[in-house]
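Enquirer: Mind having a look at this structure? Questions to follow.
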Amino acid sequence: MTEDPLIAGLAALAAEPPDGLLDRIAARWVSVPGPIGELSVAFTEEGVAYVHAGDGFARAHRERFGRPLLPATRPPAGLLPALRTGRPAGLRLDLRGASDFQRDVLEAVRTIPRGEVRPYAWVAARVGRPRAVRAVGTALGHNPVPLLIPCHRVTRSDGVPGDYVFGAAAKERLLLAEGVDLDRLRRLAGERVFYLASDTTGVVCFPTCHNARRITPAHRHGFRSLAQARAAGYRPCRTCRPAQPDPV
């Protein structure tokens with residue numbers, strides 16, 4: 001990485017800068033292994049701010065955040081376990097560059113468990129903007145910390161994974177590694193089944209919900225819409241919370 005002119009200017013100051021000044025101006029960065037290969041990760045005093053795969057990390061970071069970068073001696077606490085397990089609970093994130101809407105979207109997505117997926121419309125409903133499905137997709141396309149906020153777990157209702165900041169192939173690879181049965185989701189969507197219910201519990205879920213995966217075939221019932229499931233006497237799962245506009 002070439003020397004940043006701002007850092008060079010600070011180094012040339014005749015007087016010592018106040019303690020902590022450099023950390024308020026610059027971000028630290030490390031290169032770490034990730035589930036889709038080597039990652040470049042920038043972090044500040046507030047937490048992890050940017051995750052990048054491939055070339056052009058320094059340029060992309062400067063264009064997006066306007067902050068210079070300094071190499072770090074070690075990754076921030078919790079980063080490596082979060083990338084390894086897909087469970088970033090407790091890891092501090094710096095989302096100060098996000099709009100209020102994008103931050104709401106990212107916080108909603110952060111709740112999706114490993115091995116499960118939710119449709120874009122679910123996210124829109126969770127943030128109180130049920131008609132803003134396209135805006136949700138745009139917000140996720142600008143997720144500064146993919147993998148740590150698992151936007152790869154948001155998919156199209158037709159069972160197709162959809163777009164992803166690191167590419168559609170990487171999204172599918174991540175979901176398969178987490179145990180998501182994409183072929184089954186596509187098959188169910190082809191049959192116009194978007195919800196699965198259990199006649200033993202009276203609960204209806206998204207197909208990848210861990211509660212839905214426990215339903216035995218003899219007690220499993222599929223529905224095109226949540227309204228149909230409700231009309232049949234089922235209540236929405238309190239875990240995956242499928243209260244959203246139904247797929248068309």
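Enquirer: Can you pull out the residues in the stretch 193-248 that are at pLDDT below 95, in contact with a helix residue (DSSP H, G or I) (Cβ under 9 Å, 6 or more places away or on another chain) and among the aliphatic types (A, V, I, L, M)?
Expert: ALA243
Enquirer: Here is a check on your reading of the model: is ALA168 open to solvent by 20 Å² or more (accessible area, probe 1.4 Å), touching a residue at least 40 places away in the same chain (Cβ under 8 Å) and more than 13 Å from the chain's Cα centre (by Cα)?
Expert: On the way: open to solvent by 20 Å² or more (accessible area, probe 1.4 Å): yes; touching a residue at least 40 places away in the same chain (Cβ under 8 Å): no; more than 13 Å from the chain's Cα centre (by Cα): yes.
No, not satisfied.
Enquirer: Of the residues ARG87, ARG62, ARG96, only one is of a type outside the set (S, T, N, Q), modelled with pLDDT under 95 and either in a strand (DSSP E or B) or closer than 30 Å to SER157 by Cα (or both); which?
Expert: Values: ARG62 fails: either in a strand (DSSP E or B) or closer than 30 Å to SER157 by Cα (or both); ARG96 fails: either in a strand (DSSP E or B) or closer than 30 Å to SER157 by Cα (or both).
When all the criteria are applied, what remains is ARG87.
Enquirer: For the list (1) crowded, with 22+ Cβ neighbours inside 10 Å; (2) farther than 18 Å from ALA121 by Cβ, I need the number of the one condition that HIS152 fails.
Expert: Of everything listed in (1) crowded, with 22+ Cβ neighbours inside 10 Å; (2) farther than 18 Å from ALA121 by Cβ, HIS152 misses just condition (2).
Enquirer: Also, quick follow-up: Show the residue pairs that are 6+ apart or on different chains and have beta-carbon atoms under 7 Å apart, the first residue being within the stretch 203-232 and of a type in the set (A, V, I, L, M) and surrounded by 19 or more Cβ atoms within 10 Å (Cβ to Cβ), the second being assigned to a loop (DSSP other than H, G, I, E, B) and at pLDDT 95 or above.
Expert: Matching pairs, first to second residue: VAL203/ASN211; VAL203/TYR234; VAL203/CYS237; VAL204/TYR234; VAL204/CYS237; ALA212/PHE206.
Enquirer: Going residue by residue through the stretch 128-137, is there one that turns out to be under 26 Å from ALA60 (Cα atoms), open to solvent by 10 Å² or more (accessible area, probe 1.4 Å) and touching a residue at least 12 places away in the same chain (Cβ under 8 Å)? Give the derivation first.
Expert: In the first step, residues of the stretch 128-137 are kept if they are under 26 Å from ALA60 (Cα atoms); the result is 134-137.
Add one more test, that the residue is open to solvent by 10 Å² or more (accessible area, probe 1.4 Å), and what stays is 134-135, 137.
Keeping just the survivors that are touching a residue at least 12 places away in the same chain (Cβ under 8 Å) gives 135, 137.
Yes, the stretch 128-137 contains a residue that is under 26 Å from ALA60 (Cα atoms), open to solvent by 10 Å² or more (accessible area, probe 1.4 Å) and touching a residue at least 12 places away in the same chain (Cβ under 8 Å).
Enquirer: In the stretch 109-144, which residues are under 22 Å from LEU174 (Cβ atoms) and assigned to a loop (DSSP other than H, G, I, E, B)?
Expert: Matches in the stretch 109-144: ARG110, THR111, ILE112, PRO113, ARG114, GLY115, GLU116, VAL117, HIS142, ASN143, PRO144.
Enquirer: Considering the stretch 21-67 alone, what residues qualify as being touching a His at 6+ places or on another chain (Cβ under 9 Å) and over 30 Å from ALA177 (Cβ atoms)?
Expert: ARG67
The values are calculated or read from the model by the stated rules, or taken from the named source; none is laboratory data. As the structure is a computational prediction, the values presented were derived from the model and not from experiment. For neighbour counting, all protein chains shown are included, and Cβ atoms are generated from backbone atoms with ideal geometry for every residue, glycine included. Please note that ligands, DNA and RNA were not included when accessible areas were found on the heavy atoms of the full protein model with its side chains. Shrake-Rupley method; radii C 1.70, N 1.55, O 1.52, S 1.80 Å.
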